[in-house]
Amino acid sequence: MLRLTSVILATATVALAQQAQWGQCGGTGWTGATSCVSGSVCTKLNDYYSQCIPGAAAPPASTATAPGAPAPTATAALLRLGGVNTAGYDFSVATDGSFTGKGVNPPTDQFPHFASQGANLFRIPWQLMTPQVGGSIDQSFLARYDATVQAALNSGSNVHVIVDVHNYARWNNAIIAQGGPTNAQFASLWTQLAAKYGQNERVIFGIMNEPHDIPSVATWVDTVQQTVNAIRAAGAKNFLLLPGSSWASAQAFPTEAGPLLVKVTDPLGGTDKLIFDVHKYLDSDNSGTHAECVTDNVDVLTTLVSFLKANGNRQAILSETGGGNTASCEQMLGTQLAFVKANYPTLAGFSVWSAGAFDSTYVLSVVPSGGNDTPLWTQAVKPNLP
């Protein structure tokens, strides 16, 4: 009887030491379980994160190479991410790419608050770094912004930050390479940011927020390609978010910019670090300005997933989505984010709009008030964090 009890206890210990499906099972600084429950395999996605992914392990790749041939290049998907936009530095920015103020620093105490609940992604929008188009970054503003970035990164060992250029592909209503700033001027900005953040792969580069009303999508895609080239030439190996057109619409992506963006190449080799950046709200006109939600977007995202799988098993991230603190949005946003979570790695994750410097009266606010989270956060977002 004692021996049987010991066996049961030993079996229980093994079970407790196994991570659940989709749970983390390894990575830099990880001290938890490194094996997975039956039916899942601990799969390394990058140096910082391994995850229990359903399915059998792929057979080990041969490490042998022909004499004189280059060694194979390791590739890794973007890990599962979930979190929130922390707005503030983008305040006073217009959709024509102009701005009138200096923005507002997002409260840094929000980062550990959300990270403690499982958020591992913060998107930090800004517009104010270069007073002159194509010029040098304003170092006083960069110091403000970087303090926020570092606060976000320090909120958790696996937290990632999207550095988001929130200019709508414009500078004072003139479109990049289409009557506005040149590709070289835009690339200059990213060359400087690559010098600042290119050694931290937990920083993800959001090349541009919501390009819209673009006369030539093909010309915009060429701008994206030249920007990718400039970032890599500066030595940065970060994941890059490639936006389409029509306000980065997830719905338009498969038929509009997507067929061209899938052809963008990475000087590093492969395309694993080129992630498509899509947005989709749930209100009646997809503007993110109404408290009520009318769709869960599952049909739209199903089409997007099919497109991505058919074009090289690529990844996209839903970096903006959200709704009001209403029953319709609690239900529909929850369904949408559950779909995103279930379709990893094709959909790498999401970032809801918005926390940061907004107050509780903002229609899409998920800003904690009095230490309490909004119903939308607790009911729809938190259950679908990684």
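The values are calculated or read from the model by the stated rules, or taken from the named source; none is laboratory data. Since the structure is predicted, the reported quantities are computational estimates derived from the model, not experimental observations. Glycine also receives a Cβ, built like all others from the backbone with ideal geometry; neighbour counts cover every protein chain displayed. When the accessible area is computed, the model is the full protein with side chains, heavy atoms only, and any ligands, DNA or RNA have been set aside. Shrake-Rupley method; radii C 1.70, N 1.55, O 1.52, S 1.80 Å.
Odds and ends about this structure:
- The range 203-240, residues that are within 16 Å of Thr265 (Cβ to Cβ) and in contact (Cβ under 8 Å) with a residue 60 or more places away in the chain: Ile207, Phe239
- Qualifying residue in the range 329-344 (condition: over 20 Å from Phe253 (Cβ atoms), of a type in the set (Asp, Glu), in a helix (DSSP H, G or I) and out of contact with any His (no Cβ under 7 Å at 6 or more places or on another chain)): yes
- Scan of the range 154-190 for residues that are aliphatic (A, V, I, L, M), under 15 Å from Asn238 (Cα atoms) and not in a loop (DSSP other than H, G, I, E, B), ordered by number: Val161, Ile162, Val163
- Number of the condition not met by Asn343 [criteria: (1) closer than 19 Å to Gly83 by Cβ; (2) in contact with an Asp or Glu (Cβ under 8 Å, 6 or more places away or on another chain); (3) among the polar types (S, T, N, Q); (4) open to solvent by 30 Å² or more (accessible area, probe 1.4 Å)]: (2)
- Checking the stated criteria, Asp299 turns out not to satisfy the condition of being within 30 Å of Asp359 (Cβ to Cβ), among the acidic types (Asp, Glu), over 16 Å from the mean Cα position of the chain (by Cα) and open to solvent by 10 Å² or more (accessible area, probe 1.4 Å).
- The condition of being open to solvent by 10 Å² or more (accessible area, probe 1.4 Å) and under 13 Å from Val278 (Cβ atoms) holds for Glu210.
- When every residue of the range 245-259 is checked against the conditions, at least one turns out to be open to solvent by less than 50 Å² (accessible area, probe 1.4 Å), closer than 16 Å to Ile175 by Cβ and not hydrophobic (A, V, I, L, M, F, W, C).
- Residue list for the range 94-119, restricted to those being assigned to a loop (DSSP other than H, G, I, E, B) and open to solvent by less than 10 Å² (accessible area, probe 1.4 Å): Gly97, Pro106, Ala119
- Any hit, the range 359-376, residues being closer than 18 Å to Val159 by Cα and hydrophobic (A, V, I, L, M, F, W, C): no
- Some residue of the range 233-244 being under 22 Å from Val163 (Cβ atoms), assigned to a loop (DSSP other than H, G, I, E, B) and out of contact with any Leu (no Cβ under 9 Å at 6 or more places or on another chain): yes
- Qualifying residue in the range 270-280 (condition: open to solvent by less than 10 Å² (accessible area, probe 1.4 Å) and touching a Pro at 6+ places or on another chain (Cβ under 6 Å)): yes
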